[in-house]
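The values are calculated or read from the model by the stated rules, or taken from the named source; none is laboratory data. Computed from a predicted model, the values in this text were never measured in an experiment. When we count neighbours, we look across all protein chains shown, and the Cβ atoms used for this are built from the backbone with ideal geometry, even at glycine.
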Amino acid sequence: MTDTHCLFCKIIAGQIPSRKVFEDEHLYAFHDIAPWAPVHFLVVPKLHIPSMAQLTPEHAPLMGHLMTLLPQLALAQGCRPYPEGGYRIVTNTGVEGGQEVHHMHWHVMGGPRPWLRG
Ligand code: AMP
Ligand code: ZN
């Protein structure tokens, strides 16, 4: 399922360029265009799910896959290991949650501080 008006669906489809970090059957990861931290990339399901508010029990395998992959991607992108290093993982949900792009995504931020934000 894709939404033809969705920015991240267009990025997944290759209609808008992105700097790819990772891709498999279910997920796509790419560098954020306006990074807050030395490492800042986004991970999205290929399925157009607007936000965490639309998750149902059927999404549990996808969410498990995503959550267990994030730490591996963070290290591969240069975040230093826990506990001295680490990273911040953020999901904004809805307008009051600070969500601007309504295709569910995880921000992964890390690297030496100070950061621009976050
Ligand atoms: P959010 O506020 O959680 O919806 O985050 C949306 C994120 O998408 C922001 O951090 C933007 O910098 C990022 N973003 C917007 N357009 C692009 C793009 N074309 N390529 C990569 N990241 C983008
Ligand atoms: Zn989408």
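Values as computed for the structure displayed
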{"read-out": "Residues within segment 66-113 that are polar (S, T, N, Q) and within 16 Å of ligand 2 (Cβ to nearest atom), tallied", "value": "4"}
{"read-out": "Residues (in a strand (DSSP E or B) and either near ligand 1 (Cβ under 10 Å from one of its atoms) or out of contact with any Leu (no Cβ under 8 Å at 6 or more places or on another chain) (or both)) located in segment 88-118", "value": "Arg88, Val90, Trp106, His107, Met109, Gly110"}
{"read-out": "Matching option when the condition is exposed (fewer than 11 other Cβ atoms within 10 Å of the Cβ) and of a type outside the set (A, V, I, L, M, F, W, C), among Glu23, Glu84", "value": "Glu84"}
{"read-out": "Criterion: more than 12 Å from ligand 1 (Cβ to nearest atom), outside any loop (DSSP other than H, G, I, E, B) and farther than 16 Å from His103 by Cα - qualifying residue of Leu69, Leu62", "value": "Leu69"}
{"read-out": "Exclusive hit being within 16 Å of ligand 2 (Cβ to nearest atom), modelled with pLDDT of 95 or more, of a type in the set (Phe, Trp, Tyr) and in a strand (DSSP E or B), set Phe22, Phe30, Phe8", "value": "Phe30"}
{"read-out": "Residue that is farther than 11 Å from Val108 by Cα and at pLDDT 95 or above, where the choices are Pro57, Pro35, Pro71", "value": "Pro57"}
{"read-out": "Conditions (1) assigned to a loop (DSSP other than H, G, I, E, B); (2) in contact with a helix residue (DSSP H, G or I) (Cβ under 7 Å, 6 or more places away or on another chain); (3) over 23 Å from Pro114 (Cβ atoms); number of the one not met by Pro81", "value": "(3)"}
{"read-out": "Pairs with Cβ under 6 Å, 6+ apart, first in segment 1-29 and closer than 18 Å to His65 by Cα, second among the small types (Gly, Ala, Ser)", "value": "Val21/Ala29; Phe22/Ala29"}
{"read-out": "Some residue of segment 36-57 being without any contact (Cβ under 8 Å) to a residue 40 or more places away in the chain and β-branched (Val, Ile, Thr)", "value": "yes"}
{"read-out": "Which listed residue is within 11 Å of ligand 1 (Cβ to nearest atom) and of a type in the set (A, V, I, L, M), from Leu47, Leu27, Leu42", "value": "Leu42"}
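Each row is one residue, and each column tells you yes or no for (1) of a type outside the set (Val, Ile, Thr); (2) in contact with a strand residue (DSSP E or B) (Cβ under 8 Å, 6 or more places away or on another chain).
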site: Cys6; (1), (2): yes, no
site: Pro17; (1), (2): yes, no
site: Ala34; (1), (2): yes, no
site: Pro45; (1), (2): yes, yes
site: Ile49; (1), (2): no, no
site: Ala53; (1), (2): yes, no
site: Leu70; (1), (2): yes, yes
site: Leu75; (1), (2): yes, no
site: Gly78; (1), (2): yes, yes
